[in-house]
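Engineer: My questions will all concern the structure given below.
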Amino acid sequence: MAEKPKLHYFNGRGRMESIRWLLAAAGVEFEEKLFETREEFEKLIQGGTLLYEQVPMVETDRMNLVETRAILRYIAAKYDLYGRNLKQQAWIDMYVEGLKDLSDMIMFFPLSLPEEKEMNLEHILARATTRFFPVYEKALRDHGQDFLVGNRLSWADIQLLEVILMAEECKPSVLAGRNEFMARISHIPTINKFLQLGSQRKPPLDEESIETVKNIFKFERGMFLKNMSTIVAEY
Amino acid sequence: MPGKVKLHYCDGRGRMEAIRWLLAAAGVEFEEIFLETAEDLDKLRNDGRLMFQQVPMVEIDGMELVQTRAILNYIASKHNLGKDLKERALIDMYVEGMMDLNEIIIMLLTYPPEEQVNQLALLKEKTTNRYFPAFEKVLKSHGQDYLVGNRLSRADVHLVELIYNVEEFDPGLTANFPLLKALKTRISNLPTVKKFLQPGSQRKPHEDMKTMDKARKIFRF
């Protein structure tokens with residue numbers, strides 16, 4: 001009798017959203033324990049289940065898994081969304097790592113200093129349209145198949161859909177003419193279900209939730225770095 | 001007949017060093033093609049060999065792999081440095097924590113000098129308060145010679161690399177972690193790792209401003 005995975009995070013997207021997407025796409029039901037305040041977060045830390053005193057944390061299969069990538073890889077492999085062989089896994093890894101670079105930029109954008117916002121948005125959109133999205137376009141065009149890797153649904157497709165939707169929230173027309181892939185992936189039953197209202201998918205941050213996040217994790221300064229080669233999170 | 005593994009990066013540690021360690025520990029020979037100028041990087045980009053216009057890039061098994069973690073995952077899986085699903089989950093958890101800490105080191109010299117002081121303090125604090133205690137606890141909990149599965153995995157290799165790295169900033173950082181020190185000795189004595197630790201190996205020296213200046217020119221930042 002398998003227990004449902006239990007997700008520990010705050011009530012927002014952050015780093016947990018990719019995990020929600022992957023579980024949902026795999027058709028895995030999950031529970032969420034979402035904290036709202038700094039005190040609740042500290043209580044979780046005191047509980048000793050966070051290896052590095054950080055979230056996301058997912059309780060599953062008698063493990064308290066932390067580190068976003070560790071969790072994602074485990075889910076992907078367990079539910080056969082990680083390719084059929086080592087080389088396919090390598091391609092999936094390359095694709096999702098690139099997507100993470102882009103999605104991190106979008107994720108941290110709300111925490112920009114006000115005077116940097118416009119510049120940062122332009123940077124994100126430029127990267128999306130010249131460095132990242134063309135790669136996936138080309139991959140799909142080159143092999144002419146419906147999915148990025150191995151002619152079947154994988155973590156890479158799910159992650160790509162998530163990031164396309166995030167980019168469209170930044171600028172609706174960013175993906176002009178790239179609708180075919182999205183339409184196809186969105187119609188997969190488990191994914192379609194996750195896209196409906198009332199699913200466990202979280203909305204983007206607004207003014208109120210940004211303040212909540214800042215209070216819980218004690219972000220004190222603008223965190224959007226100029227060259228975007230990495231994000232340094234302080235919490 | 002498989003071709004040789006080829007690494008494309010600049011002549012410094014950066015994001016390629018962890019890959020060098022893992023290949024060395026696995027006993028895999030590799031060649032290195034060093035970027036010397038911004039034009040060298042431009043050429044790789046213009047030739048379409050870098051999926052996201054970035055290095056590291058590793059030619060291996062007929063692929064041009066990019067993204068540090070994709071490369072590390074491939075090498076580790078191929079050379080049996082991380083086994084079944086649950087073991088791999090543990091390995092990944094530990095390795096991701098190590099990479100978070102190592103990230104501070106990789107980025108250190110990109111900051112202005114005043115900020116470098118802060119980052120160094122952060123490095124020491126996180127090492128002794130967050131990461132080393134976590135890994136010491138893992139070793140203590142099972143009393144085995146390796147972090148996961150009672151056999152060598154990439155987690156041990158990355159951890160020992162990390163220990164060497166932080167000790168370069170302050171040898172005293174491992175003072176209160178006897179099990180980590182013992183692991184470091186044990187892993188350092190494995191034939192492949194021992195070889196990599198000798199002078200003249202492909203291991204790169206501690207990053208200095210000279211390598212950083214060169215990297216700035218190549219990567220234009």
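The values are calculated or read from the model by the stated rules, or taken from the named source; none is laboratory data. Remember, predicted model here, so these are calculated numbers, not experimental data. Note: ideal-geometry Cβ built from the backbone for every residue, glycine included; neighbour counts use all protein chains shown. Just so you know, the surface numbers come from the protein's heavy atoms only, side chains and all, with ligands and any DNA or RNA stripped out. Shrake-Rupley method; radii C 1.70, N 1.55, O 1.52, S 1.80 Å.
Engineer: Please work out which residue is farthest from B:ILE33 (Cα to Cα), limiting yourself to region B:62-71 and to residues that are within 7 Å of another protein chain (Cβ to nearest Cβ) and of a type outside the set (A, V, I, L, M).
Structural biologist: Just the residues of region B:62-71 that are within 7 Å of another protein chain (Cβ to nearest Cβ), to begin with: B:63, B:65-67, B:69-70.
If we keep only those that are of a type outside the set (A, V, I, L, M) too, we end up with B:67, B:69.
Working: B:GLN67: 17, B:ARG69: 20 Å.
Ranking the qualifying residues of region B:62-71, first place goes to B:ARG69.
Engineer: May I pose another question? Could you pull out the residue among A:GLU53, A:GLU3, A:GLU31, A:GLU36 that is within 20 Å of A:ILE191 (Cα to Cα) and among the charged types (D, E, K, R)?
Structural biologist: Details: A:GLU53 fails: within 20 Å of A:ILE191 (Cα to Cα); A:GLU3 fails: within 20 Å of A:ILE191 (Cα to Cα); A:GLU36 fails: within 20 Å of A:ILE191 (Cα to Cα).
Going through A:GLU53, A:GLU3, A:GLU31, A:GLU36 in turn, the sole match is A:GLU31.
Engineer: Could you check, for region A:85-94, whether at least one of its residues is open to solvent by 40 Å² or more (accessible area, probe 1.4 Å) and at pLDDT below 90?
Structural biologist: No, region A:85-94 contains no residue that is open to solvent by 40 Å² or more (accessible area, probe 1.4 Å) and at pLDDT below 90.
Engineer: Now a separate question. For residues in region A:127-137 being open to solvent by 50 Å² or more (accessible area, probe 1.4 Å) and modelled with pLDDT of 90 or more, which is farthest from the other protein chains (Cβ to nearest Cβ)?
Structural biologist: Taking the candidates together, the pick is A:THR129.
Engineer: While we're on this one: Please find, among B:GLU136, B:GLU161, the residue that is in a helix (DSSP H, G or I), in contact (Cβ under 8 Å) with a residue 40 or more places away in the chain, surrounded by 14 or more Cβ atoms within 10 Å (Cβ to Cβ) and touching an Asp or Glu at 6+ places or on another chain (Cβ under 9 Å). Give the steps one after another, and end with the answer.
Structural biologist: Details: B:GLU136 fails: touching an Asp or Glu at 6+ places or on another chain (Cβ under 9 Å).
Exactly one of B:GLU136, B:GLU161 is in a helix (DSSP H, G or I), in contact (Cβ under 8 Å) with a residue 40 or more places away in the chain, surrounded by 14 or more Cβ atoms within 10 Å (Cβ to Cβ) and touching an Asp or Glu at 6+ places or on another chain (Cβ under 9 Å), namely B:GLU161.
Engineer: Looking at (1) free of Cβ contacts under 8 Å to residues at least 24 places away in the same chain; (2) part of a loop (DSSP other than H, G, I, E, B); (3) open to solvent by less than 40 Å² (accessible area, probe 1.4 Å), which one does A:GLN54 not meet, given that it meets all the others?
Structural biologist: (1)
Yes/no matrix, rows are residues, columns are (1) under 26 Å from B:GLU125 (Cα atoms); (2) more than 18 Å from the chain's Cα centre (by Cα); (3) of a type in the set (Gly, Ala, Ser); (4) open to solvent by less than 60 Å² (accessible area, probe 1.4 Å):
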residue: B:ASP145; (1), (2), (3), (4): no, yes, no, no
residue: B:SER153; (1), (2), (3), (4): no, no, yes, yes
residue: B:ASP156; (1), (2), (3), (4): yes, no, no, yes
residue: B:ASN165; (1), (2), (3), (4): yes, no, no, yes
residue: B:ARG203; (1), (2), (3), (4): no, no, no, yes
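Engineer: Can A:GLY177 be described as of a type in the set (Gly, Ala, Ser) and modelled with pLDDT of 85 or more? Please lay out each step first, then the result.
Structural biologist: Working: of a type in the set (Gly, Ala, Ser): yes; modelled with pLDDT of 85 or more: no.
When the stated conditions are applied, A:GLY177 does not pass them.
Engineer: Could you check how many residues of region B:138-153 are modelled with pLDDT under 95 and within 13 Å of chain A (Cβ to nearest Cβ)?
Structural biologist: The number of residues fulfilling the criteria is 0.
Engineer: Please find, within region B:167-201, the residue that is surrounded by the fewest Cβ atoms within 10 Å (Cβ to Cβ) out of those that are part of a loop (DSSP other than H, G, I, E, B) and small (Gly, Ala, Ser). Walk me through it before giving the result.
Structural biologist: First, pick out the residues of region B:167-201 that are part of a loop (DSSP other than H, G, I, E, B): B:170, B:175-177, B:189-190, B:198-201.
Going one step further and asking which of them are small (Gly, Ala, Ser), we end up with B:175, B:200-201.
Values: B:ALA175: 10, B:GLY200: 6, B:SER201: 12.
It comes out as B:GLY200.
Engineer: Looking at A:LYS6, is it closer than 20 Å to B:MET93 by Cβ, more than 14 Å from every other protein chain (Cβ to nearest Cβ) and open to solvent by 20 Å² or more (accessible area, probe 1.4 Å)? Before the answer, list the steps.
Structural biologist: Details: closer than 20 Å to B:MET93 by Cβ: yes; more than 14 Å from every other protein chain (Cβ to nearest Cβ): yes; open to solvent by 20 Å² or more (accessible area, probe 1.4 Å): yes.
Yes, satisfied.
Engineer: I'd like the residue in region A:76-100 that is within 18 Å of A:VAL28 (Cα to Cα) and touching a residue at least 60 places away in the same chain (Cβ under 8 Å) and, out of all such residues, is farthest from the other protein chains (Cβ to nearest Cβ).
Structural biologist: Kept after step one, since they are within 18 Å of A:VAL28 (Cα to Cα), are these residues of region A:76-100: A:76-82.
With touching a residue at least 60 places away in the same chain (Cβ under 8 Å) added as a condition, the list becomes A:76, A:81-82.
On the way: A:ALA76: 10, A:LEU81: 13, A:TYR82: 10 Å.
The extreme case among them is A:LEU81.
Engineer: Would you pick out the residues in region A:32-49 that are hydrophobic (A, V, I, L, M, F, W, C) and touching a residue at least 40 places away in the same chain (Cβ under 8 Å)? Write out each step before concluding.
Structural biologist: Pass one, region A:32-49, residues hydrophobic (A, V, I, L, M, F, W, C): A:34-35, A:41, A:44-45.
Those that are hydrophobic (A, V, I, L, M, F, W, C) and touching a residue at least 40 places away in the same chain (Cβ under 8 Å): A:PHE35, A:PHE41.
Engineer: Something else about it: Kindly establish whether B:ASN118 is closer than 29 Å to B:GLY12 by Cβ, within 11 Å of chain A (Cβ to nearest Cβ) and of a type in the set (S, T, N, Q). Quick ask: steps written out before the conclusion?
Structural biologist: On the way: closer than 29 Å to B:GLY12 by Cβ: yes; within 11 Å of chain A (Cβ to nearest Cβ): yes; of a type in the set (S, T, N, Q): yes.
Yes, satisfied.
Engineer: Given the conditions (1) within 14 Å of chain B (Cβ to nearest Cβ); (2) touching a residue at least 12 places away in the same chain (Cβ under 8 Å); (3) acidic (Asp, Glu), which single one is not true for A:GLU29?
Structural biologist: (1)
Engineer: In this structure, does A:SER229 turn out to be at pLDDT 90 or above, outside any helix (DSSP H, G or I) and open to solvent by 20 Å² or more (accessible area, probe 1.4 Å)?
Structural biologist: Numbers: at pLDDT 90 or above: no; outside any helix (DSSP H, G or I): yes; open to solvent by 20 Å² or more (accessible area, probe 1.4 Å): yes.
Spelling it out, it is not the case that A:SER229 is at pLDDT 90 or above, outside any helix (DSSP H, G or I) and open to solvent by 20 Å² or more (accessible area, probe 1.4 Å).
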